Amino acid sequence: MSRPDRDVIVIGAGMGGIYAVHRLTRQGLSVLGIESAPEVGGVWYHNAYPGARVDLESHYYCYLFDDDLYREWRWSERYAAQPELLRYLKHVADRFDVRRHFRFRTSVVGARWNEDARRWVVETDAGDVVTGRFLVCTTGQLSKAREPRFPGLGTFRGRWVLTSHWPQDGVDLRGKKVGVIGTGSSGVQASTAIAAEAERLVVFQRTPNYSVPAHNRPADPVLHAELSRDLAAVRRKVAAAPAGNLTPGYVGRAADFSPKRRRELLDERWAFGGQPMLTLFSDQGTDLEANRIVGDYVRDKVREVVKDPVVAERLVPNAYPIGTRRLCVDTGYYEIFNQDNVTLADIRSDPIRRITPGGIETRDTSYDLDVIVFAIGFEAFTGALDGADIRNAAGELVSDRWRRGPQTYLGLMTAGFPNLFLITGPGSPSVLANMNVHNVQHLDFVGDLIDHARERGADRIEPTRQAQDEWTAHAAEVARPLIRRQVDNYMVHVNKDDGSRIFIPYGGGFHQYVRRCHAVAEAGFRGFDLR
Ligand code: N01
């Protein structure tokens, strides 16, 4: 039988794709990367909206696999902004010479598993067909934008844009009347930056989200030097951390502390800033009372910052418990509502009716706008896979198999789709973990698994049904106590027929997940059927 064109085809040149090509070529595999954008960067290429910035500290949200790379790159800020992140990813791509393995400006429009030839047959929009033994999807979990489907959008005379596919040549917002729809992480960041630039900003909020200050500042050279001294130890520690980074963790259960001490601890976390607000009390993710204590603290902060009490009450996040959706991390978000040029439109009580040639019409009000910014989220987890039309030998999409929720082994492979690797997929910690660390962990596992199979003369890898069922049951079990499983958002799959809810990422923590992956590898990659 002829050999496939490549050992591995990698889809996507974001943080995961760059490392995939580096890791897999380094172990001697022939690799072709395919990327629709003209450049590396993935989400950090496309999400070029004003204010886009990482919400984990840059000292940890970067590649840790290469000591010299880590030591030589100096972040300018504690939380790097999108242009700097993109510069970093281009630097890494150059340093490890990965670009020559990529076809840019090329989209995968179909991929089929050919069982007889044991290979993936991949078609691109350039009309090429290329075959690969393995298909590695580093397509991201939050990369396929949700389409704005608002009546009348086609009639709008101004310009409309998506935060997730911001025009690379920018959008001039100076002196413009701008509307932002959506108040998740993207909308909060974009609104904060746009408020400083636009003549008028209207923020269209359906659900008030929790946002905590980042307290961004110049990067700390002492911390960088400290971490650089022993990167092997840093790698060990992040692998043993619940979210794959070394920010402050749990201090104990909320009930272990007096109200006065709790308040001090909350003040300290607030002063630290960012996501660690979710890792203060060990029971705030599982106990509603512990959660309420943290939620009330943030709600009071909103009331302290926003001067108009009516606007403040609309912004107060009380629709769901804190941390059950992704926490927003901001740089002065609530403060913008004290500016004369900013209006909050509460579209829960006064819903959008239609988009008109001149702006947005709600049930009670009409907003005159030059630009509409959609920050309405993503077709999470399966959007990019379906977009590439990846099908097994029976012609099924992964999402066809996952109608009642994702089924995977280790969040990495799914039965019925041999040799297909879903990097940071459903059933892995995925969006709950530090993505750089997680990508590297997953791709090291994949590299080792391919080597293991080849040493045994196998070129076909598929998880067994039993291993997949056991992993899916285990993931459901660890998610059972989590309050966040009860709250609708992109991390929860709800079955319409019986209302059953499946928490999509692995909720047991990155540390537990890594431990289990090690155990699987040490047991000869137990649960994978090699042929
Ligand atoms: O998307 P989202 P996002 N009419 O889905 C609203 C990562 N990220 O792009 O809550 C009106 O969170 C929707 O309202 P509701 C991060 O993991 C990271 O902001 O459904 N509104 C919500 O307010 C994050 O979690 C960074 O009622 C509509 C918003 O749009 C993930 O990406 C930065 C609507 C969507 O929020 C996604 O964040 C950015 C409609 N028809 C993103 N449809 C950082 O690292 C939706 N909405 C900082």
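The values are calculated or read from the model by the stated rules, or taken from the named source; none is laboratory data. Here the structure is a predicted model, which means the values were calculated and not measured. With ideal geometry, Cβ positions are generated from the backbone for all residues, glycine too; neighbour counts draw on all protein chains shown. In case anyone asks, the SASA skips ligands and DNA or RNA and just uses the protein heavy atoms, side chains included. Shrake-Rupley method; radii C 1.70, N 1.55, O 1.52, S 1.80 Å.
Results, tabulated for the structure shown:
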read-out: The chain - share of DSSP beta bridges that are antiparallel (%, nearest 5); value: 40
read-out: Cα centroid separation, segment 119-139 to segment 313-375 (Å); value: 41
read-out: Aspartates and glutamates with Cα under 20 Å of LYS307, excluding same-chain neighbours fewer than 8 positions away; value: ASP296, ASP330, GLU335, ASP340, ASP346
read-out: Members of LYS90/LYS237; LYS260/LYS301; LYS90/LYS177; LYS237/LYS260 lying beyond 25 Å, as alpha-carbon distances in this model show; value: LYS90/LYS237; LYS90/LYS177; LYS237/LYS260
read-out: Relative contact order [Cα under 8 Å, 6+ residues apart], the chain, whole percent; value: 20
read-out: Relative packing of peptides 250-259, 162-171 - highest average C-beta neighbours within 10 Å first; value: 162-171, 250-259
read-out: Distance between segment 177-230 and segment 468-513 - C-alpha centres, whole angstrom; value: 28
read-out: Portion, in percent, of the accessible area of segment 317-378 that falls on carbon or sulfur, probe 1.4 Å; value: 42
read-out: Theoretical ellipticity at 222 nm over the chain - DSSP helices of four or more residues, -39500 (n - 2.57) apiece, nearest 500; value: -9000 deg cm²/dmol
read-out: Mean-position separation - Cα centroids, segment 409-454 and segment 6-37, in angstrom; value: 14
read-out: Mean separation of Cα contacts under 8 Å, 6 or more apart, over the residue count of segment 143-211: relative contact order %; value: 30
read-out: Ranked by how many other beta carbons lie within 10 Å on average, peptides 107-116, 22-31 from highest; value: 22-31, 107-116
read-out: 1.4 Å probe accessible area per residue over segment 411-531, in Å²; value: 38
